Each structure stands twice: as C-alpha cells, then as structure tokens.
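No value in this document is a laboratory result; all are computed from the given coordinates. Just so it is clear, the model here is predicted, and its values are computed rather than measured. A quick note on method: Cβ atoms are made from the backbone with ideal geometry, for glycine too, and the neighbour counts reach across all protein chains shown.
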Amino acid sequence: MTSDVMLKLEGIASAYGKIDAVKGIDLEVKRGQIVTLLGANGAGKTTTLKTISGLVRAKAGRVLFEGNDITGMPAHQVARAGVVHVPEGRHVLRGLSVRENLELGAFTVKDATLRKDRLEQVFAQFPILRTRANSDGSLLSGGEQQMLAIGRALMHGPKILLLDEPSMGLAPKLVLETMRIVKRLNEAGTTILLVEQNARLALRLAHYGYVLESGVIRLEGEAKKLSADPSIVQAYLGS
Ligand SMILES: Nc1ncnc2c1ncn2[C@@H]1O[C@H](COP(=O)(O)OP(=O)(O)O)[C@@H](O)[C@H]1O
Ligand SMILES: [Mg+2]
C-alpha cells in the first residue's frame with residue numbers, strides 16, 4: 001500500500017508582482033503527521049501556507065488535498081474542505097468577545113448543533129477561554145490569544161492545520177505550552193503543517209521537516225535526522 005499523503009504540493013510557485021517568494025517547491029504531509037517548514041525570515045514560509053489555504057494564488061504548480069486539486073480554490077472553500085490556516089500574528093478581533101471570536105471561526109459550519117458542540121470542545125481543550133468567554137479577545141495575554149486563534153481554527157473541524165509561527169512573541173514558558181498544545185492536537189488526530197522560527201523545538205515535535213531558503217527547499221528529512229546533524233543545525237537552524 002502506498003503511504004497516505006494528505007497534502008501534496010507539486011512545483012508550487014507564488015509571487016507578489018515581480019517578487020518571486022516561492023519558486024517551485026514540492027512538499028508532502030502524510031495523514032497523522034506533524035511536518036515542520038523551517039527557514040529564515042523572508043524564506044517564503046508564510047507565502048507557502050497562504051498558497052495552500054487560498055489566500056495567495058499559485059503562479060505555477062498544484063496543491064492536492066486528499067487527492068483533489070485545490071489549487072486556486074477560494075479560501076473559505078479550502079477551509080470547508082478541512083484545510084485550516086492559523087495565520088501569523090493571531091489576528092484576534094478587537095471589540096469582539098472570546099466567544100464571538102470563536103463563533104466567527106465557525107462561519108463555514110452551517111449546522112448550529114455542530115457549531116455548539118465544537119465550541120464546547122474548544123472550551124474543554126482550553127478552559128481559560130471558557131473563563132474569559134465574555135471578555136474582549138484583544139484583552140487576553142499573548143498565550144491566551146494564541147489559544148484563541150487555534151481554538152477558532154478548531155471551530156472549522158480541520159483535518160489539517162496550517163500553523164504559522166504559533167510561538168512568535170511568547171515568553172519561553174508559553175512557547176513550550178504552545179508546543180504541547182500542538183502535540184496534543186496531533187495526538188487527537190489532527191494532521192499539522194507547522195511553520196516555526198524555533199527550529200529545534202519544532203523538530204523535536206515533528207515527524208518530518210523541510211528547510212526553505214529564498215523560496216526553494218534546500219533540505220528535507222526525518223525530523224530526528226535533521227536535528228541530529230550538527231552541520232545542518234549550524235547552517236540552517238541557527239544556534
Ligand atoms: N504582501 C507582500 N507583498 C510583497 N512582497 C511580499 C509580501 N509578503 C511577503 N513578501 C515577500 O515575499 C518573500 C517571502 O515572504 P514570506 O513568505 O512572508 O516569508 P517568511 O514567512 O518565511 O518570513 C519575502 O521576500 C517577502 O519580503
Ligand atoms: Mg512568515
């Protein structure tokens with residue numbers, strides 16, 4: 001039997017006007033895995049996630065999800081198919097309560113009972129969000145806002161989560177907490193494509209890793225192998 005590839009990028013290229021941000025990359029995420037996409041600032045990580053989720057249009061190549069070509073599909077449709085993007089910077093909506101922020105996450109879910117069940121599941125996973133349900137989302141701490149952003153994504157019932165630097169700007173303790181959350185979501189059955197600046201941490205969690213450099217995949221392999229190779233660590237992953 002062939003391996004169960006859930007998400008596959010074939011020769012994906014994306015540009016902003018004349019700036020080529022992603023230059024023809026191949027990438028695979030197998031069902032049940034955590035795959036991490038690493039690379040320096042400006043390498044094209046965010047653009048890759050946006051191309052998958054339909055926020056940026058691919059210039060070339062294909063995105064396949066569960067064998068279906070989703071290239072160029074509008075973002076809401078991609079989300080409805082089960083590919084859910086948690087953007088960089090969290091984007092908690094000011095002036096809306098935690099509950100309203102979560103309910104907005106479920107805009108693709110038509111069934112009211114399902115929306116309610118999902119909200120209950122998110123509150124069960126992140127009890128702090130229940131406690132703060134009526135507070136303005138923007139008043140939460142950085143760590144809580146990250147939980148809210150992930151919680152909002154979970155309201156879609158994702159098959160695969162695209163996480164863009166979830167630990168960015170968080171205190172070290174919260175970075176570890178965020179990684180534990182990612183691991184727990186994965187163990188509960190969600191496949192994950194994780195963009196992280198903390199390469200060591202990400203590789204500890206992930207099954208497989210890719211290193212992007214100037215829009216090109218420079219390196220890929222089992223996470224254990226990548227993190228065990230000192231030359232790779234030095235050249236690509238920083239101290
Ligand atoms: N909205 C945009 N308009 C123009 N150029 C952009 C835009 N977003 C990103 N870029 C450029 O595309 C390249 C890749 O950016 P990005 O995908 O954000 O990288 P990363 O997430 O790895 O830091 C960079 O050169 C960046 O300056
Ligand atoms: Mg980025």
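FRET efficiency for the pair residue 41 and residue 121, taken as 1/(1 + (r/R0)^6) with r the Cβ-Cβ distance and R0 = 25 Å, rounds to 0.10. FRET efficiency for the residue 100 to residue 171 pair, using the beta carbon distance and R₀ = 22 Å, is estimated at 0.25.
Each DSSP beta bridge with both residues in the chain is either parallel or antiparallel, and the antiparallel ones are about 60%. Estimated from the Cβ-Cβ distance and a Förster radius of 22 angstrom, the FRET efficiency linking residue 225 and residue 26 is about 0.75.
The charge dipole of segment 5-237, taken about its Cα centre with unit charges on the Cβ of Lys, Arg, Asp and Glu (plus for the first two, minus for the last two), comes to roughly 200 debye. How tilted is helix 142-154 with respect to the longest principal axis of the chain? Cα atoms for both, answer in degrees (0 to 90, nearest 10). That works out to roughly 90 degrees. For the set 23/59; 23/224; 30/183; 8/225; 8/45, the pairs lying more than 19 angstrom apart at their alpha carbons are 23/224; 8/225. Counting Cα-Cα pairs of segment 5-237 in 10 Å increments starting at 0 gives whole-percent bin shares of 8, 33, 37, 19, 3, 0. Given their separation in residues at 0.36 nm each and the Cα-Cα distance between them, residue 91 and residue 10 gain 26.2 nm when the chain is fully extended. Extension gain for residue 234 to residue 76 (0.36 nm times residue separation, less C-alpha to C-alpha distance): 52.9 nm. Along the chain, counting only trypsin sites (Lys or Arg not before Pro) with a DSSP assignment other than H, G, I, E or B and at most 16 other Cβ atoms inside a 10 Å radius, the longest segment between sites is 111-239. Helix 172-187 versus the longest principal axis of the chain: what is the Cα-based angle in degrees, 0 to 90, to the nearest 10? For 172-187 against the chain, the angle is about 90 degrees. Output the 0 to 90 degree angle, nearest 10, between the alpha-carbon long axis of helix 112-125 and the longest principal axis computed from the alpha carbons of the chain. Roughly 70 degrees between the two axes.
Annotation: amide H of residue 213 within the under-5 Å range of 218, sequence separation 5 or more or interchain, hydrogens built in the peptide plane.
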